[in-house]
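Since every read-out is calculated from the coordinates, none of them should be taken as a lab result. Computed from a predicted structure; not experimentally measured. Here the Cβ positions follow ideal geometry from the backbone for every residue, glycine too, while neighbour counts run over all protein chains shown.
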Amino acid sequence: MLFTDSVFIGITPASERKLFVYAVLDRELKLVSLADGEMGDVTAFIAGQDSAAVAVNAPSGVNRGLVREMVKSKMLTPYQLRRTELRLAEHELREHGIFVTKTHASAELCPAWMQAGFSLHRKLGKMGFQKYPEGDSKRLVLETNSQACYSLMGGQVPLARLSLEGRLQRQLILYEHGLDIRDPMDFFEEITRYKIIKGILPMELLYQPDQLDALVAAYIAWLAAYKQEGVFEIGDSKEGMVVLPGKGLKEKY
């Protein structure tokens, strides 16, 4: 599955707008593009690539009740049953201390960003993208989860993604894993007493939360294509496998 002239694309539905943010890496982990656009913009860009591995930071489908079936025999209360409304992959991550958003059994009840992710997965399938790790296709698609990725890559659950500290932490994790992006430590070199007093911080040196989610997804796409021993899957094929970095989950994060 080595792609000699591929690009590696990470896509995340934007959290506050009806857009997608996407990051594109080359095989040397250099940042080729970091942009946003509507569904048509993103798929048009992907269609123009001869070979691409795409990682989507959103569920590929709704939950199929697998977790509920697993615990049904335990005589759970209605409140406890509501806690089983999630996919197997999400259940596994939560069991290890990584809190991720639940995926409802009904698409209509899922948040807008998640529904956008469902649509993107379907669109990529129609474009001929094959799910990882099937085949030797030059058009590969997989699902990942940015919160889980940063937890595994950093060895602990990261700080809040919208906070300054969380953004610095995520960007540094990516930089330390070899991505040719802005060095977040440059942020501190630009800070002086005067700038702090005046509230002038070099925020342009840091990526936005959605951009960081797209960047880590692009890195997972690169790993899946070039270093398959560097990723593993959790979940169930009936409702979506999630590809993550590393060799497995540790007991607690």
Links exceeding 19 Å between C-alpha atoms in this model, out of Lys227/Lys252; Lys30/Lys227; Lys138/Lys238, come to Lys227/Lys252; Lys138/Lys238
When Asp213, Asp186, Asp236 are ranked with the fewest other C-beta atoms within 10 Å first, the list becomes Asp186, Asp236, Asp213
Note down the magnitude of the dipole of the stretch 203-253 about its Cα centre, charges +1 on Lys and Arg C-beta and -1 on Asp and Glu C-beta and zero elsewhere, to the nearest 20 debye.
-> 240
Exactly which GluC sites (Glu not before Pro) in the stretch 161-253 are in a DSSP loop and have at most 13 other Cβ atoms within 10 Å?
-> Glu190, Glu251
Using a ≥ b ≥ c from the Cα gyration tensor of the chain (square roots of the eigenvalues), is it rounded, prolate or oblate, where a/c under 1.5 gives rounded and otherwise the larger of a/b and b/c decides, a/b for prolate?
-> oblate
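Please report Val231, Val216 as a ranked list, fewest other C-beta atoms within 10 angstrom at the top and most at the bottom.
Details: Val231 23, Val216 29.
Least crowded to most crowded, the residues run Val231, Val216.
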Could you give the size of the charge dipole of the chain about its Cα centre, using +1 on the Cβ of each K and R and -1 on the Cβ of each D and E, expressed in debye and rounded to the nearest 20?
-> 880
Reciprocal mean inverse distance between Cα atoms of the stretch 112-253 - Kirkwood radius, Å | 16.8
Around Ser33, which amide H atoms from residues at least 5 apart in sequence, or from another chain, sit under 5 Å from its own amide H, with H modelled in the peptide plane?
-> Val24
Most mobile of Ala52, Ala35, Ala148 per a Gaussian network model of the chain (Cα springs, under 10 Å)?
-> Ala35
Excluding same-chain residues fewer than 8 positions from Lys102, which aspartates and glutamates have a Cα within less than 14 Å of its Cα?
-> Glu85, Glu90, Glu92, Glu239
All aspartates and glutamates inside 13 Å of Lys247 as judged from Cα atoms, apart from same-chain residues fewer than 8 positions distant = Glu229, Glu233
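Add -39500 (n - 2.57) for each DSSP H run of 4 or more in the chain, then divide by its residues: what number comes out at 222 nm, to the nearest 500 deg cm²/dmol?
Details: 10 runs with 93 residues, N = 253.
Helix-only estimate at 222 nm: -10500 deg cm²/dmol.
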In a Gaussian network model of the chain with springs linking alpha carbons closer than 10 Å, the residue among Arg122, Arg87, Arg170 that fluctuates most is Arg122
Dipole axis of the stretch 175-223 (+1 Lys, Arg; -1 Asp, Glu on Cβ), positive-most option in Ile200, Tyr219, Pro184 | Ile200
Sum of side-chain charges, Arg122 neighbourhood, beta-carbon under 14 Å (Lys, Arg +1; Asp, Glu -1) | +2
Most exposed first by the Cβ proxy, i.e. fewest other Cβ within 10 Å, how do Ile11, Ile98 rank?
-> Ile98, Ile11
